[in-house]
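The values are calculated or read from the model by the stated rules, or taken from the named source; none is laboratory data. Just so you know, these numbers come straight off a predicted model, no measurement behind them. Reconstructed Cβ throughout: ideal geometry from the backbone, glycine too, with neighbour counts over all protein chains shown.
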Amino acid sequence: MTTDTLTAAASGTWRLGDHTVNRLGYGAMRIMAKANGEPSDRDTAIAVLRRAVELGVNHIDTAAFYFSALRSANELINTALAPYPDDLVITTKVGPGRDASGDWLPPARPERLRGQVEENLRQLGRDHLDVVNLRLGAALDRGEGSLADRFGALAELREAGLIRHLGISNVGAEHLEEALAIAPVVCVQNKYSLTTAREDDALIALCAERGVAFVPFFAIASGSVGSVGGGPTTREQDDRDRAASSATERVAREHGVRPAQVRLAWTLHKGPNVLAIPGTGNLDHLAENVAAGALRLTADDLARLDTIA
C-alpha cells in the first residue's frame, strides 16, 4: 500500500456534533514527548500537525494535561494550526489534572471543571471548545460525587457557550444512559484495541444506535503504567499481546502493510461510528496511520484477528 496519495477521507466519515469528520483522526498526546520521555522536537511536532491537516485529518484529540517539561500539546496545536480551519474539530478532555511539576492531582470536582475548560480555551486560543469529554475514573469508584454532578456542570458551560458538544470517557453503558438524560452526548472515548478484553463491543453497538461516536484510545498499543487510561500488564494481557503481534504480522505481510496499520484498520472495521485517533511525532508514521484508513480487511482477516480476545 502506497502512502503518498492516501488521505484521511479514505476512512469514511461520521457526524461529530455539528461537523462531519473523517474517521481517521489524530491524538496529540505523542507530540509533547518522545516514547522514552524526552521532550519532542518542537519543529517536528509542528510539522506533523500541519501535515496531518494536509492529509485530511479534521479531528484532533488533546488535553491541557498533555505536557512535558518543555512542551504542551495544546500550545503546539495553537502554534501549528491557528487560525483553525473551519472543518477542524478539536476534542479535549477534563476531569484529570496535573500540577506544574507534572504530578497528578485528584480528579476535579464539579466546581473545578470550569477552570479546566478555561485553561483549554486559553492554551488553544479559542472562545469555545468544539467537544469536551468528561474523563471518569477513580473518583467515582471512591464515591466522590457522581457523573451527574460533573456532567451537569459541563452541561451548564455548554449552555453558556463555552462548549459546543459533550462527550464522556472511561465509561460503561450505564454512564452513557445517565449522561444522555442530562445533555446530548456526541462521543464516548474508552481504552479499546485488538488486545484489550473488549467488553466494549456491545457499547460500540449501543453508541451507534444512539448516533454517538465511539473513539478508542490506545488503539495501536495497550497503554503503559502511569499513562491516562493505561495500567500494569498482566500475564493474560502479555499472552494477548504476543498473539496479536503474531496475527497482525501475518495479515500485514499478506496486504503489504505494517502491523500498526492492520490494528488501525481492524479498529475502524468495528463499526461505522468508530473514530480512530492514533498519535505519533513522526511524519512517516503519520502517513502510514492515515493510509490505514484505506485498508480493507477481508472476512478471513477479521475472523483471525477477532479470535485474539
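Go through the stretch 1-15 and count every residue that is surrounded by 15 or more Cβ atoms within 10 Å (Cβ to Cβ), touching a residue at least 40 places away in the same chain (Cβ under 8 Å) and more than 23 Å from Ala252 (Cα to Cα).
Adding up the residues that qualify gives 1.
Regarding Ser224, is this residue in a loop (DSSP other than H, G, I, E, B) and at pLDDT below 95? Break it down into steps so the answer makes sense when it comes.
Working: in a loop (DSSP other than H, G, I, E, B): yes; at pLDDT below 95: yes.
Answer is yes for this residue.
Of a type outside the set (Val, Ile, Thr) and in a helix (DSSP H, G or I) - does that describe any residue in the stretch 91-109?
The answer is no, given that none of the residues of the stretch 91-109 is of a type outside the set (Val, Ile, Thr) and in a helix (DSSP H, G or I).
For the stretch 277-293, what are the residues that are closer than 22 Å to Ser246 by Cα and either assigned to a loop (DSSP other than H, G, I, E, B) or of a type in the set (A, V, I, L, M) (or both)? Full working, then the answer.
Of all residues in the stretch 277-293, those closer than 22 Å to Ser246 by Cα come to 278, 285, 288-289, 291-293.
Hits for the stretch 277-293 are Pro278, Ala291, Ala292.
Does Arg109 satisfy being surrounded by fewer than 17 Cβ atoms within 10 Å (Cβ to Cβ) and basic (Lys, Arg)?
yes
Determine which single condition Gly161 fails, assuming it passes every other condition in (1) in a loop (DSSP other than H, G, I, E, B); (2) within 30 Å of Asp201 (Cβ to Cβ); (3) not aromatic (Phe, Trp, Tyr).
Of (1) in a loop (DSSP other than H, G, I, E, B); (2) within 30 Å of Asp201 (Cβ to Cβ); (3) not aromatic (Phe, Trp, Tyr), only one is false for Gly161: (2).
Can you tell me which of Arg253, Arg258, Arg240 is at pLDDT below 80 and of a type outside the set (S, T, N, Q)?
Unique residue meeting the criteria: Arg240.
Taking only the stretch 117-146 into account, find how many residues are at pLDDT 80 or above, part of a helix (DSSP H, G or I) and under 20 Å from the mean Cα position of the chain (by Cα).
So the count comes out to 6.
Based on this model, can you work out whether Gly271 counts as surrounded by fewer than 19 Cβ atoms within 10 Å (Cβ to Cβ) and closer than 18 Å to Ala8 by Cβ?
Criteria met by Gly271.
Gly167 - would you say it is outside any helix (DSSP H, G or I) and either within 30 Å of Ala221 (Cβ to Cβ) or among the β-branched types (Val, Ile, Thr) (or both)?
yes
Considering only residues that are surrounded by fewer than 22 Cβ atoms within 10 Å (Cβ to Cβ) and of a type in the set (A, V, I, L, M), look in the stretch 245-268 and name the one that is nearest to Ala52 (Cα to Cα).
Going through the qualifying residues, I end up with Ala260.
Taking Arg114, is it at pLDDT below 95, more than 22 Å from Ala213 (Cα to Cα) and either basic (Lys, Arg) or in contact with a strand residue (DSSP E or B) (Cβ under 6 Å, 6 or more places away or on another chain) (or both)?
Numbers: at pLDDT below 95: no; more than 22 Å from Ala213 (Cα to Cα): yes; either basic (Lys, Arg) or in contact with a strand residue (DSSP E or B) (Cβ under 6 Å, 6 or more places away or on another chain) (or both): yes.
Criteria not met by Arg114.
Where residues in the stretch 16-58 are charged (D, E, K, R) and under 16 Å from the mean Cα position of the chain (by Cα), which of them is surrounded by the most Cβ atoms within 10 Å (Cβ to Cβ)?
Filtering the stretch 16-58 for residues charged (D, E, K, R) gives 18, 23, 30, 34, 38, 41-43, 50-51, 54.
Those left that are additionally under 16 Å from the mean Cα position of the chain (by Cα): 23, 30.
Working: Arg23: 25, Arg30: 21.
Among those that are charged (D, E, K, R) and under 16 Å from the mean Cα position of the chain (by Cα), it is Arg23.
Give the residues of the stretch 165-220 that are crowded, with 19+ Cβ neighbours inside 10 Å, modelled with pLDDT of 95 or more and among the β-branched types (Val, Ile, Thr), sorted by residue number.
Ile168, Val185, Val186, Val188, Ile204, Val212, Val215
Keeping to the stretch 59-89, report how many residues are under 18 Å from the mean Cα position of the chain (by Cα) and of a type in the set (A, V, I, L, M).
Selection size over the stretch 59-89: 8.
When residues of the stretch 79-102 are filtered for being in contact (Cβ under 8 Å) with a residue 60 or more places away in the chain and of a type in the set (A, V, I, L, M, F, W, C), how many remain?
2
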